[in-house]
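Structure first, then comments.
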Amino acid sequence: MSRVFFLFLDGVGLGPPDSERNPFARTEMPVLQSMLGGHKLLAQSAPYHADRTTLLSLDARLGIEGAPQSASGQATILTGRNIPAEINEHYGPKPNAPIRKILKSDNIFFKIRAMNGTVCLLNAYPPRYFEAVKSGRRLYSGIPMALTAAGYDLQDAQDLQAGQALSADFTGAGWAQQPGFPPAPVYSDHEAGLLMAKLAEQYDLSIFDYWLSDYVGHRGTMEQAETILRSFDAVLGGFLEGWD
């Protein structure tokens, strides 16, 4: 079985070259741009094909009117099925009952388990996340729900401390600033990318869910968006250096 690493940038699409509205248009991302022949991650840059890179533009509405939503979109990625068409709507952010029913019986992690393959979501979750899910105060989003339904465990603070997982911001800096969180190592962006490559090589399928891109898109400023894109680009550089 080939090894696959899936780095998911939540809430990111291919937008116009408008530097007033689109942080990808105004932020220099040398690593990503080098992968795209000098182009930025914009709608006008697709399609693009090179030896190591393919950029395709897809319509996330999948034939259903309305704005795409996280739960139905992630379920589509995880199952290969047109979930908005099956439930006749876009839904999110957390899976509703129809989406939960689908993810708990059919997703890519079930298929890999049936092949005796190995899977890991490289995100580490803090103790209060597990406590909130157990108490019912918080619902799983699509990726953790599908993973746990297939019988795989989520990574926790101990995995983070052991260097076997990464925090939501890659580096651990945000984790370390949270009151009440267990202590964790802090990496540079480049170091985090190298570690991510090392961890990804241990599994047939590994995933990192970068949800900060969605969070900043909804609630942050343009300056915050530029900051996380520069960080992401440096992490990507470290990853490509470490990934075969």
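The values are calculated or read from the model by the stated rules, or taken from the named source; none is laboratory data. The shown structure was predicted, so the numbers you read here are calculated from the model rather than taken from an experiment. Neighbour counts are summed over all protein chains in view; Cβ atoms, including those assigned to glycine, are modelled from backbone coordinates with ideal geometry. Quick note on the areas: whole protein, heavy atoms, side chains included, nothing else; ligands and nucleic acids left out. Shrake-Rupley method; radii C 1.70, N 1.55, O 1.52, S 1.80 Å.
For the pair Ala173/Ala85, report the inter-label distance in nm, with labels modelled 7 Å from Cα in the Cβ direction.
Each label point is offset 7 Å from its Cα along the Cβ direction, giving 4.4 nm.
Express in nm, to one decimal, how much length is gained between Arg26 and Glu223 on full extension, taking 0.36 nm for each residue of separation and deducting their alpha carbon distance.
Working it through step by step, the gained length comes to 69.9 nm.
Computing the accessible area with a 1.4 Å probe over protein heavy atoms, can you report the carbon and sulfur percentage for the chain?
Reported share for carbon and sulfur atoms: 52 percent.
Once the other residues with Cβ under 14 Å from the Cβ of Leu41 are scored (Lys, Arg +1; Asp, Glu -1), what is the net sum?
Numbers: positive: Arg26, Lys40, Arg230; negative: Asp18, Glu28, Glu226, Asp233.
Surrounding charge for Leu41 is -1.
Per 0.36 nm of contour for each residue apart, how much would the distance between Thr53 and Asn96 grow if the chain were fully extended, relative to their Cα-Cα spacing? List each step's numbers first, then the result.
On the way: separation 43, 0.36 × 43 = 15.48 nm, distance 3.50 nm.
Gain on extension, Thr53 to Asn96, equals 12.0 nm.
Cross-link candidates for Lys101: which aspartates and glutamates have Cα within less than 17 Å, leaving aside residues fewer than 8 places away along the same chain?
Glu86, Glu89
Name the shape class, rounded, prolate or oblate, that the alpha-carbon gyration tensor gives for segment 186-227, where a ≥ b ≥ c are the square roots of its eigenvalues, rounded holds for a/c under 1.5, and otherwise prolate holds if a/b is larger than b/c and oblate otherwise.
Since a/c reaches 1.5 but b/c is at least a/b, the shape of segment 186-227 is classed as oblate.
Report the calculated FRET efficiency for Met115 and Arg61 (r = Cβ-Cβ distance, R0 = 41 Å), to the nearest 0.05.
So the FRET efficiency works out to roughly 0.80.
Rounded to the nearest whole Å², what accessible area per residue is found for the chain with the 1.4 Å probe?
Numbers: 12770 Å² over 244 residues.
Normalised by residue count, the accessible surface of the chain is 52 Å².
Do me a favour and compute the ellipsoid semi-axes for the chain from its Cα gyration tensor, root of five times each eigenvalue, largest one first, whole Å. Mind dumping the intermediate values first?
Values: eigenvalues 132, 115, 74 Å².
Working through the eigenvalues yields semi-axes of 26, 24, 19 Å.
Take every Cα-Cα distance within segment 116-244, group them into 10 Å bins from 0 onward, and report for each bin the whole-number percent of pairs it holds.
With a bin width of 10 Å, the distribution comes to 12, 41, 38, 9, 0.
Per DSSP helix of 4 or more residues, -39500 (n - 2.57); summed, then divided by the residues of the chain. What does that give at 222 nm, rounded to the nearest 500?
-12000 deg cm²/dmol
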